[in-house]
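Student: Take this structure, written in structure tokens, and hold onto it; I'll ask about it next.
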């Protein structure tokens, strides 16, 4: 397809630790179309942040390919040009901004590194425009991050990511440190910007309701593996993988009339260090059989464009 | 509500912090009551005064700079604000205890979890070391941790397990009231579901009342009987879940619901509340919510709304409801 922006093929990222190889991202493949949002959901330690970092080359892939506009970027050394076209918004607006730089310096830094502006006036003008775009008042130009609240700091992070007019932005839990009323403001801002400038987002979060709100397609990760992948609406309509079901049912909804049948998962996430073959979710799965603990399930198309990695997905969901 | 069923009554409580930058009016004239075995959710955003309220009840407001400037806190009819330090120490852990937000930092890293649970028991009950340890083991089993892990240290436990240990410490002497300050905020959703289920079960079994402090309206819908919404140190709306969720009156509460992305309805855009939480050093005149309120009237800017009962048990602080 011509309008595929990012194509990830069998991407792996292992970290060497004292106890063995940590499989942070294991054999993940997906594509993101231009102007769309891919939501990546999972709990702490499932490899979602590592995945984001490998794609924009903040970390080097152990194996597999990332194609950007059809070109393999994992093979070539990272260039200023790649950096310009792919940016990241970080989770924690408190630690991702240099406390010794003012708002204008933080936003100016990428512009200066990439020699985008010809003159001081041009630079100032750009900073003003960016601050205006993300809704930061001009009086904060010379303020330092500690003087601002979380929502405003996250706006600086967004302005910095936008400065170079990237095509692709990895958003790593951009709203999870914020209060709900501020979270809604930031989500709206990000959606408006996408509509206006056709950005492509990869939106990493643990919050199912946020991901439902913002994404076109979704992948669910568990311990480095992709367990389910489909369009956003389809995923919520037909949640097939037992882990996705549990994740969805675990969310307390602000609705007092909805009777919930809760699937509470027993146990906790197992170790991603040198995992045994077999389904990594088997230890916590209510449907697990012997097969699950010896053979790794492959991702297969269970419903049209809806992929699930589970041996028993058809039996569990009453599908043929 | 019958008087003898009342466990906790908070009347007109105000807690301020006197700092060099000015007086931080963290909690302003709040009233609420809690019956035995009841669970109330205290909901609000960062800086709304939820944690200060909890600390006020526990007698743990750091002084200086903090001070209770007015009001009464009655626990089983006894005034806690006039209790001596010793009396408060005897209450804490035995009659009411607290579960803190961050299980990573609220446990002592150099004591085994068994010792930390037994410590509370030995403080309040005349038990030998051996008996206290045996009781600690029972409580640990009750929160779903095998008793063999008693001699392990906090760093050997995962986040969800640590929070279970914190809950075990809070429950060790079967208190009548538990104040849980964002007990699941630091946990993953599937672990949060486990911990909430555990808290619900134990509460049912032991008949403990709970004040659950949270920013998550979903958690409240799941666990509480009634709810109070806090904004800028005030309770702006309070009532049963049906009152507040189905018959929302205060514009701030409406704003909170509008800000939440929903799982059931696909909405194109969220409806956030404009602006930011006011600085508690410099609260706006009149209703503290007026600068952000979509329904603001001229009188809102000058007059402070009073608590109005719009239907039985449903209280709102808004001039439009008076």
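Student: Which residue out of A:39, A:64, A:52 is touching a residue at least 12 places away in the same chain (Cβ under 8 Å) and more than 15 Å from the chain's Cα centre (by Cα)? Please lay out each step first, then the result.
Tutor: Working: A:39 fails: more than 15 Å from the chain's Cα centre (by Cα); A:52 fails: more than 15 Å from the chain's Cα centre (by Cα).
Result: A:64 is the single residue among A:39, A:64, A:52 that is touching a residue at least 12 places away in the same chain (Cβ under 8 Å) and more than 15 Å from the chain's Cα centre (by Cα).
Student: Within the range A:121-153, track down each residue that is within 14 Å of chain B (Cβ to nearest Cβ), surrounded by 16 or more Cβ atoms within 10 Å (Cβ to Cβ) and not in a loop (DSSP other than H, G, I, E, B).
Tutor: Correct list: A:140, A:150, A:151, A:152, A:153.
Student: What about residue A:98, is it closer than 29 Å to residue A:183 by Cα, in contact (Cβ under 8 Å) with a residue 24 or more places away in the chain and more than 17 Å from the chain's Cα centre (by Cα)? Break it down stepwise before answering.
Tutor: Numbers: closer than 29 Å to residue A:183 by Cα: yes; in contact (Cβ under 8 Å) with a residue 24 or more places away in the chain: yes; more than 17 Å from the chain's Cα centre (by Cα): yes.
The answer is yes for residue A:98.
Student: I've got another one for you. Consider the range B:46-60. How many of its residues are assigned to a loop (DSSP other than H, G, I, E, B) and buried (at least 24 other Cβ atoms within 10 Å of the Cβ)? I'd like the intermediate steps shown before the answer.
Tutor: We begin by selecting, within the range B:46-60, every residue assigned to a loop (DSSP other than H, G, I, E, B); these are B:46-49, B:59-60.
From what is left, the residues that are buried (at least 24 other Cβ atoms within 10 Å of the Cβ) are B:48-49.
So the count comes out to 2.
Student: How about the range B:201-220: which of its residues are over 22 Å from residue A:245 (Cα atoms), within 14 Å of chain A (Cβ to nearest Cβ) and assigned to a helix (DSSP H, G or I)?
Tutor: B:201
Student: For the range B:119-144, name all the residues that are within 25 Å of the chain's Cα centre (by Cα) and not in a helix (DSSP H, G or I).
Tutor: Restricting attention to the range B:119-144, the residues satisfying the condition of being within 25 Å of the chain's Cα centre (by Cα) are B:119-121, B:123-124, B:139-140, B:142-144.
Within the range B:119-144, B:143, B:144 meet the criteria.
Table: residues versus (1) in contact with a helix residue (DSSP H, G or I) (Cβ under 7 Å, 6 or more places away or on another chain); (2) within 14 Å of chain B (Cβ to nearest Cβ).
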{"site": "A:4", "(1), (2)": "no, no"}
{"site": "A:11", "(1), (2)": "yes, no"}
{"site": "A:14", "(1), (2)": "no, no"}
{"site": "A:17", "(1), (2)": "no, no"}
{"site": "A:25", "(1), (2)": "yes, no"}
{"site": "A:28", "(1), (2)": "yes, no"}
{"site": "A:32", "(1), (2)": "no, no"}
{"site": "A:41", "(1), (2)": "yes, yes"}
{"site": "A:45", "(1), (2)": "no, yes"}
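Student: Can you find even one residue in the range B:243-266 that is in contact (Cβ under 8 Å) with a residue 40 or more places away in the chain, over 15 Å from residue B:40 (Cβ atoms), more than 7 Å from chain A (Cβ to nearest Cβ) and not in a loop (DSSP other than H, G, I, E, B)?
Tutor: Within the range B:243-266, one or more residues are in contact (Cβ under 8 Å) with a residue 40 or more places away in the chain, over 15 Å from residue B:40 (Cβ atoms), more than 7 Å from chain A (Cβ to nearest Cβ) and not in a loop (DSSP other than H, G, I, E, B).
Student: Could you check the range B:168-189 and list, in sequence order, the residues that are more than 15 Å from residue B:216 (Cα to Cα), surrounded by 21 or more Cβ atoms within 10 Å (Cβ to Cβ) and touching a helix residue (DSSP H, G or I) at 6+ places or on another chain (Cβ under 7 Å)?
Tutor: If the condition is that a residue be more than 15 Å from residue B:216 (Cα to Cα), surrounded by 21 or more Cβ atoms within 10 Å (Cβ to Cβ) and touching a helix residue (DSSP H, G or I) at 6+ places or on another chain (Cβ under 7 Å), then B:168, B:169, B:171, B:172, B:178, B:179 are the ones that fit.
Student: Working only within the range B:173-187, note down all residues that are at pLDDT 85 or above and within 13 Å of another protein chain (Cβ to nearest Cβ).
Tutor: First, the residues of the range B:173-187 that are at pLDDT 85 or above: B:173-184.
If the condition is that a residue be at pLDDT 85 or above and within 13 Å of another protein chain (Cβ to nearest Cβ), then B:182, B:183, B:184 are the ones that fit.
Student: Looking only at the range A:234-245, count every residue that is touching a residue at least 24 places away in the same chain (Cβ under 8 Å) and either touching a helix residue (DSSP H, G or I) at 6+ places or on another chain (Cβ under 9 Å) or within 11 Å of another protein chain (Cβ to nearest Cβ) (or both) and tell me the total. Give the steps one after another, and end with the answer.
Tutor: So in the range A:234-245, the residues touching a residue at least 24 places away in the same chain (Cβ under 8 Å) come out as A:234-236, A:238, A:240-244.
Of the ones still in play, those that are also either touching a helix residue (DSSP H, G or I) at 6+ places or on another chain (Cβ under 9 Å) or within 11 Å of another protein chain (Cβ to nearest Cβ) (or both) are A:235-236, A:238, A:240-244.
So the answer is 8.
Student: Name the one entry in A:109, A:147, A:165 that is without any contact (Cβ under 8 Å) to a residue 24 or more places away in the chain and out of contact with any strand residue (DSSP E or B) (no Cβ under 7 Å at 6 or more places or on another chain).
Tutor: Working: A:109 fails: without any contact (Cβ under 8 Å) to a residue 24 or more places away in the chain; A:165 fails: without any contact (Cβ under 8 Å) to a residue 24 or more places away in the chain.
Among A:109, A:147, A:165, only A:147 is without any contact (Cβ under 8 Å) to a residue 24 or more places away in the chain and out of contact with any strand residue (DSSP E or B) (no Cβ under 7 Å at 6 or more places or on another chain).
Student: A further question follows. Residue A:86 is checked against (1) in contact with a helix residue (DSSP H, G or I) (Cβ under 9 Å, 6 or more places away or on another chain); (2) surrounded by fewer than 19 Cβ atoms within 10 Å (Cβ to Cβ) and fails just one. What number does that condition carry?
Tutor: (2)
Student: Exactly one of (1) closer than 26 Å to residue B:217 by Cα; (2) within 12 Å of another protein chain (Cβ to nearest Cβ); (3) touching a helix residue (DSSP H, G or I) at 6+ places or on another chain (Cβ under 7 Å); (4) surrounded by 21 or more Cβ atoms within 10 Å (Cβ to Cβ) is unmet by residue A:268. Its number?
Tutor: So residue A:268 meets the others, but not (4).
Student: Note down all Cβ pairs under 7 Å where the first residue falls in the range B:81-107 and is at positive phi, the second is outside any loop (DSSP other than H, G, I, E, B), and they're at least six residues apart or on different chains.
Tutor: Taking only residues 6 or more apart or on different chains, the pairs are B:93/B:120; B:93/B:123; B:93/B:124.
Student: Here is a follow-up. So how many residues does the range B:26-45 have that are assigned to a strand (DSSP E or B), touching a residue at least 60 places away in the same chain (Cβ under 8 Å) and surrounded by fewer than 21 Cβ atoms within 10 Å (Cβ to Cβ)?
Tutor: At the first step, the residues of the range B:26-45 found to be assigned to a strand (DSSP E or B) are B:26-35, B:39-43.
Now restrict to residues that are touching a residue at least 60 places away in the same chain (Cβ under 8 Å): B:26-32, B:34-35, B:39-43.
Narrowing the set further to residues that are surrounded by fewer than 21 Cβ atoms within 10 Å (Cβ to Cβ) leaves B:29, B:31-32, B:35.
Total meeting the criteria: 4.
Student: Moving on. So which residues in the range A:154-198 are in a helix (DSSP H, G or I) and away from every other protein chain (no Cβ under 12 Å), if there are any at all? Steps first, answer last, please.
Tutor: Applying the first criterion (in a helix (DSSP H, G or I)) to the range A:154-198 yields A:154-162, A:180-197.
Those that are in a helix (DSSP H, G or I) and away from every other protein chain (no Cβ under 12 Å): A:154, A:156, A:157, A:158, A:159, A:160, A:161, A:162, A:193, A:194, A:196, A:197.
Student: Condition first: away from chain A (no Cβ under 14 Å) and assigned to a helix (DSSP H, G or I). Can you find one or more residues in the range B:274-294 that meet it?
Tutor: Yes, there is a match, as at least one residue in the range B:274-294 is away from chain A (no Cβ under 14 Å) and assigned to a helix (DSSP H, G or I).
Student: I would also like to ask the following. Return only the number of the condition from (1) within 22 Å of residue B:229 (Cβ to Cβ); (2) in contact with a strand residue (DSSP E or B) (Cβ under 7 Å, 6 or more places away or on another chain) that residue B:76 does not satisfy.
Tutor: Only one criterion in (1) within 22 Å of residue B:229 (Cβ to Cβ); (2) in contact with a strand residue (DSSP E or B) (Cβ under 7 Å, 6 or more places away or on another chain) is unmet by residue B:76, namely (1).
Student: State yes or no: is residue A:299 away from chain B (no Cβ under 14 Å), touching a residue at least 12 places away in the same chain (Cβ under 8 Å), on the phi < 0 side of the Ramachandran plot and under 23 Å from the mean Cα position of the chain (by Cα)? Show your work before the answer.
Tutor: On the way: away from chain B (no Cβ under 14 Å): yes; touching a residue at least 12 places away in the same chain (Cβ under 8 Å): yes; on the phi < 0 side of the Ramachandran plot: yes; under 23 Å from the mean Cα position of the chain (by Cα): yes.
It is true that residue A:299 is away from chain B (no Cβ under 14 Å), touching a residue at least 12 places away in the same chain (Cβ under 8 Å), on the phi < 0 side of the Ramachandran plot and under 23 Å from the mean Cα position of the chain (by Cα).
Student: If you don't mind, there's one more thing I want to ask. So which residues in the range B:295-318 are part of a helix (DSSP H, G or I) and touching a helix residue (DSSP H, G or I) at 6+ places or on another chain (Cβ under 7 Å)?
Tutor: Within the range B:295-318, the first condition is being part of a helix (DSSP H, G or I), and the residues that meet it are B:298-301.
Within the range B:295-318, B:299, B:300, B:301 qualify.
Student: Then there is this: Can you report the number of residues in the range A:301-318 which are exposed (fewer than 15 other Cβ atoms within 10 Å of the Cβ) and touching a helix residue (DSSP H, G or I) at 6+ places or on another chain (Cβ under 8 Å)?
Tutor: Taking the range A:301-318 as the starting set, the residues that turn out to be exposed (fewer than 15 other Cβ atoms within 10 Å of the Cβ) are A:301, A:304-305, A:314-315, A:318.
Going one step further and asking which of them are touching a helix residue (DSSP H, G or I) at 6+ places or on another chain (Cβ under 8 Å), we end up with A:305.
Result for the range A:301-318: 1.
Student: Restricting attention to the range B:101-118, does a residue exist that is closer than 30 Å to residue B:35 by Cβ, in contact with a strand residue (DSSP E or B) (Cβ under 9 Å, 6 or more places away or on another chain) and either assigned to a helix (DSSP H, G or I) or at pLDDT below 90 (or both)?
Tutor: yes
Student: Which one of B:170, B:193 is assigned to a helix (DSSP H, G or I), at pLDDT below 90 and either within 19 Å of the chain's Cα centre (by Cα) or under 23 Å from residue A:243 (Cβ atoms) (or both)? Don't jump to the end; show me each part of the working.
Tutor: Values: B:170 fails: at pLDDT below 90.
Going through B:170, B:193 in turn, the sole match is B:193.
Student: Hey, can you tell me all the residues within the range A:19-41 that are at pLDDT 90 or above and not in a strand (DSSP E or B)?
Tutor: A:34, A:35, A:36
Student: Related question: Go through A:215, A:293, A:230 for me and flag whichever is more than 12 Å from every other protein chain (Cβ to nearest Cβ) and in contact with a helix residue (DSSP H, G or I) (Cβ under 9 Å, 6 or more places away or on another chain). Reasoning before the result, please.
Tutor: Numbers: A:215 fails: more than 12 Å from every other protein chain (Cβ to nearest Cβ); A:230 fails: in contact with a helix residue (DSSP H, G or I) (Cβ under 9 Å, 6 or more places away or on another chain).
After ruling out the rest, the residue left standing is A:293.
The values are calculated or read from the model by the stated rules, or taken from the named source; none is laboratory data. Predicted model only: the values in this text are computed from it and were never measured. A quick note on method: Cβ atoms are made from the backbone with ideal geometry, for glycine too, and the neighbour counts reach across all protein chains shown.
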